[in-house]
Structure formats: structure tokens, C-alpha cells
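Chemist: Would you mind keeping the following structure in view while I ask a few things?
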Amino acid sequence: MMPPESWIGFFEWCEATYLGTLVRDSVWLFPIIEAAHLVALCVLGGAILVVDLRLLGLGLTGQRLSDLARHVRPWLLGGVAVMLSTGVLLFLSEAIKCFYNTSFWVKMMTLPAAIAFTFAVKNRSLDGLETSARSRVLGAVSIALWFTVAAAGRWIGYS
Ligand code: HEM
């Protein structure tokens with residue numbers, strides 16, 4: 001799953017940007033930004049799991065699915081926004097490492113699918129939806145997609 005070598009120029013440009021250099025040359029910026037990436041992951045993970053567990057017939061079963069999704073939506077949007085912005089800063093600081101990192105490409109392939117599934121499929125299916133085989137499939141697919149993104153993200157640092 002490696003990209004064409006011809007893309008390396010773009011990644012070298014990313015790593016040489018002012019922001020990439022600033023984060024890379026600072027002792028504190030990378031760990032602080034990665035900590036923010038992790039805290040936002042907790043917020044995003046919580047907003048996703050509250051609805052997905054309910055879809056599986058678990059968790060807050062006394063609440064209607066559409067109500068739950070409406071309540072967590074600001075946290076979901078905030079979590080995604082902070083993940084994307086802190087992620088781009090982490091990426092710029094080590095773009096060439098990411099270019100040769102399979103976990104990074106697994107994450108970049110899965111992330112758009114997870115975001116599209118959440119906003120274009122799952123959240124649009126919740127009105128009037130009760131626990132059923134259909135709701136369980138929606139919940140299971142969502143958890144599988146976001147778990148893959150998070151696990152691949154974690155593995156970037158190990159590989
Ligand atoms: C909502 C989406 C995202 C999720 C759930 C996610 C998840 C994660 C996780 C769990 C880690 C490991 C943090 C740690 O344990 O220290 C991580 C690290 C990282 N993520 Fe993300 N991430 C997301 C978006 C992004 C984006 C959009 C990019 C880049 C364009 C990105 C680039 C990185 C990089 C470069 C690392 C650091 C790897 C290292 O330790 O060297 N992430 N991400």
C-alpha cells in the first residue's frame with residue numbers, strides 16, 4: 001500500500017514548510033500537539049461510541065437514537081475539527097516518515113470512509129430507527145472504521 005515514488009516531492013515540501021519545521025525543531029510542540037490529538041480522540045471516540053453502542057442495543061437504551069445523535073453532534077464536529085487540524089500539524093513535522101509508513105496510508109485511506117459513513121450514511125439513518133439488525137450493522141461498521149483509524153494512528157509512532 002505504498003504511494004508512487006513521484007509523490008515524495010510533495011511530502012518533502014510539506015516537511016520543509018514553516019509550520020512543519022517549527023513543530024519539528026521545537027522540544028515541546030510535537031508532544032503538546034500530539035496530546036491535543038489524543039484528548040480530541042477521547043471526545044470524538046465518546047461522541048461516536050454513545051451512538052454506536054445505542055445502535056447495538058447497548059448503553060443509553062432509554063434515549064431515542066435521533067436525540068442522542070443531536071446531543072453529541074457538537075462534540076463530534078469539535079472532535080473531528082481538532083483531530084484534523086492537530087493531525088495535519090503532526091504530519092507536516094514528519095511528512096517524509098509518514099510517506100514511507102504503511103500505517104499512515106491505512107489511516108489516510110480509512111479516515112475519509114469513516115467520516116463519510118458517519119455523516120452521509122449513519123447520521124442520516126437515525127430518525128425513527130429502533131434497535132434492529134440494520135441498526136446493529138450501522139453501529140458495527142462505524143466502530144470498525146473508527147477503530148481502524150485510531151489503531152493505524154497509534155501504529156504510526158511504533159513503525
Ligand atoms: C479524526 C481523525 C483522526 C484520528 C481518530 C486519529 C488518531 C490518531 C491516534 C490514536 C494517534 C496516536 C497518538 C498517540 O498515541 O500518541 C495519532 C497520531 C498521529 N496522527 Fe492522527 N488521527 C486522526 C486524524 C489525523 C490526520 C487528518 C492526520 C494527518 C493528516 C493525522 C496524522 C497523525 C500523525 C502524523 C500522528 C503521529 C504519529 C507519531 O507518533 O509519530 N491524524 N492519530
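The values are calculated or read from the model by the stated rules, or taken from the named source; none is laboratory data. Source: prediction; values computed, not measured. Quick reminder, even Gly has a Cβ in these numbers, built from the backbone with ideal geometry, and neighbours come from all protein chains shown. The protein model used for the area step is the full one, side chains on, heavy atoms only, and it has no ligands, DNA or RNA in it. Shrake-Rupley method; radii C 1.70, N 1.55, O 1.52, S 1.80 Å.
Chemist: From the residues L77, I48, F104, which one has its Cα farthest along the dipole of the chain in the positive direction, the dipole being from +1 and -1 charges on Cβ of Lys/Arg and Asp/Glu about the Cα centre?
Modeler: I48
Chemist: Roughly how many debye, to the nearest 20, is the charge dipole of the chain about its Cα centre, given +1 on each Lys and Arg Cβ, -1 on each Asp and Glu Cβ, and no other charges?
Modeler: Values: 12 positive and 10 negative charges, 129 e Å.
Dipole of the chain, to the nearest 20 debye: 620 debye.
Chemist: Here's something else I'd like to know. Based on DSSP H runs of at least 4 residues, each adding -39500 (n - 2.57), what is the mean residue ellipticity at 222 nm of the chain after dividing by all its residues, to the nearest 500 deg cm²/dmol? Before the final figure, lay out the partial values.
Modeler: Values: 7 runs with 119 residues, N = 159.
The helix-only estimate for the chain comes to -25000 deg cm²/dmol at 222 nm.
Chemist: Enumerate by residue number the chymotrypsin sites (Phe, Trp or Tyr not before Pro) in the stretch 1-38 meeting two conditions: DSSP loop (anything except H, G, I, E, B), and at most 13 other Cβ atoms within 10 Å of the site's Cβ. Don't skip to the answer; put the middle values down first.
Modeler: Working: sites: W7, F10, F11, W13, Y18, W28; in loops: W28.
Loop-located and lightly packed - W28.
Chemist: Please compute the net charge surrounding I143, taking Lys and Arg as +1 and Asp and Glu as -1 over other residues with Cβ under 13 Å from its Cβ.
Modeler: Working: positive: R54, K122, R136; negative: D52.
After counting each charged neighbour, the total is +2.
Chemist: So, taking all protein chains as they sit and a 1.4 Å probe, how much accessible area belongs to M2, in Å² rounded to tens?
Modeler: Accessible area of M2: about 100 Å².
Chemist: May I have the convex hull volume per residue, in Å³, for the Cα set of the stretch 1-71?
Modeler: On the way: hull volume 11.6 nm³, N = 71.
Spread over its residues, the Cα hull of the stretch 1-71 gives 163 Å³ apiece.
Chemist: Hey, any idea what the orientation-averaged projected area of the convex hull of the chain's Cα atoms comes to, in nm²? Let's see the in-between values first.
Modeler: On the way: hull surface 39.7 nm².
The orientation-averaged projected area of the Cα hull of the chain comes to 9.9 nm².
Chemist: Enumerate by residue number the trypsin sites (Lys or Arg not before Pro) in the stretch 3-105 meeting two conditions: DSSP loop (anything except H, G, I, E, B), and at most 15 other Cβ atoms within 10 Å of the site's Cβ. Let's see the in-between values first.
Modeler: On the way: sites: R24, R54, R64, R70, K97; in loops: R64.
Loop-located and lightly packed - R64.
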